[in-house]
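Working notes, structure below.
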Amino acid sequence: MELQLTQAVLLVLVGVLVGISMSFIGQTGQGVVIPLVLLITGDILLAIAISVLNDLITAAAVSIGYVRKKQVFFRRDTLILLAVGMFASSIGILVLMTTPLGSVFGWALPVFIIAFGVVILKQGFPTSETLRGMVLKLAKKVLAKRGDAGGLARLETQFQDNKTDASSPKEEEIKGIIPPGSKLFYMLAIGLGLYVGINSGMFGANSGMILALVLVMLYGYPLKKGVGTALLLGIGLCACTFILYQVMGHAFKGVLYWDPAITALLAAGSVVSGLVTSKFVQKLSAKMMGRGMAVAMLVLGAVSLAFYVS
C-alpha cells in the first residue's frame, strides 16, 4: 500500500521512541506501534506481526552494546522462560486467528507503565536487594507472631548466604531470592514463560520489561545485565512469534502478515535511536539508568494511552 507523508513521518518517530524505550528497559513498542499500524492498514493481525518484527529488529540493534560490554548471562531459568514462551506464543496466535476478537487493546497496560514509571522516578529501580528486604521484613513478622525464634535465625542465615551485590557484574555472584532448582524456581520460570509467550502471540509484545524485572528483582541480576539478557530472550521470542504468524497465517488465512515499507520506516527510527541510546546507557550508573528508565516508561505509557483513547 502507498503511504502518505504524514504516516511515514509518524512511523519513523514512533520507531525512535521504541528504540529509546528498549535501550533503557527492554520494553516493547507494542503500545504505540500496533495502534498506528492498525490505523494505517485496518488489519489487526498485520499490525501485531509488524510490531513483533520491529521489536526483533530493534532488540537486535540495541543488544549489540550490551553484548560488547558482556552485560548478558544465561542460565537454566532464562532458557526455560524462552522455551516455554515460544510454545505459549503458538497458543496465543492460534487463539487469535481461530476465535472472534472483540478488542485487543485496553487502558490497563499504559496506566500500569505510567504508574510504575512514577514509582521508579521517586524511589529508584527496585532491585533484588530491595525486594529481598521487603520479603525478609514480612517473613519476620509472620515468624514473630508464631514465636518461632529458630525459624527467624534460619531465615536470616539463608538470606545472608544468598546476599547479592546488585552492582557486581560477576556471573558467579548472581543469586536471587528464589533458590535455583527448587520447586518454586521451576514454577515461576514456567508460569512466567507462559505469560510472556501468550503476550507475544496475542498482543505482539516481546515482554522485555517484564523479563528484565523478573531477572533483576527475583533472580538477582544486576540492572544492566538483566536488561541485556532480556533483550536477547526477546529476540528469540520475537523471531519464533513472527515465523509462527507467517506459517499460521498461510495455513488459516492464506496470507503472509508483513509489510516491507512500514517495517523499514519503523526500523529506520528504532535502530538508529536504539544504537545511539544503548551506547549512552552503558556509561550511566545504575541510579541514573533507573531514572532514565522511569522517564522512558512515562513517555511510552503516555503515548500508548493517547493512542488507546483516541
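Structural remarks
- Separation of the alpha carbons by more than 25 angstrom is noted, of LYS225/LYS283; LYS70/LYS283; LYS69/LYS183; LYS225/LYS279; LYS183/LYS224; LYS122/LYS145, for LYS69/LYS183; LYS183/LYS224; LYS122/LYS145.
- Couplings 3J(HN,Hα) for the stretch 189-203, derived from phi with the Karplus relation 6.51 cos²θ - 1.76 cosθ + 1.60 (θ = phi - 60°), are 4, 5, x, 5, x, 4, 5, 5, x, 5, 4, 6, x, 8, 10 Hz, where x marks Gly and Pro.
- Point-to-point label distance, ILE190-PHE74, nm (Cα→Cβ direction, 7 Å offset): 2.2
- ASP43-VAL118 pseudo-label distance in nm [points 7 Å out on the Cα-to-Cβ vector]: 4.0
- Ordering of 190-198, 68-76, 49-57 by packing [mean C-beta count within 10 Å, highest first]: 49-57, 190-198, 68-76
- With θ taken as phi - 60° and the Karplus curve 6.51 cos²θ - 1.76 cosθ + 1.60 applied, the whole-hertz 3J(HN,Hα) list for the stretch 93-99 is 5, 4, 4, 5, 8, 10, 10 Hz, x standing for glycine and proline.
- Order by protection proxy (mean Cβ within 10 Å, highest first), peptides 81-91, 222-232: 222-232, 81-91
- For a label point 7 Å along the Cα-to-beta-carbon line of ALA268, residues of the stretch 1-19 with backbone N under 14 Å: 3-16
- Here the label points at VAL67 and MET288, each 7 Å from Cα along the C-beta direction, are separated by 2.6 nm in the simple model.
- A straight chain from ALA83 to LEU5 at 0.36 nm per residue would run longer than the Cα-Cα distance by 24.0 nm.
Where a number appears in this text, it was derived from the coordinates with a stated rule and is not lab data. Model, not experiment: these values are computed from the prediction. Neighbour counts are summed over all protein chains in view; Cβ atoms, including those assigned to glycine, are modelled from backbone coordinates with ideal geometry.
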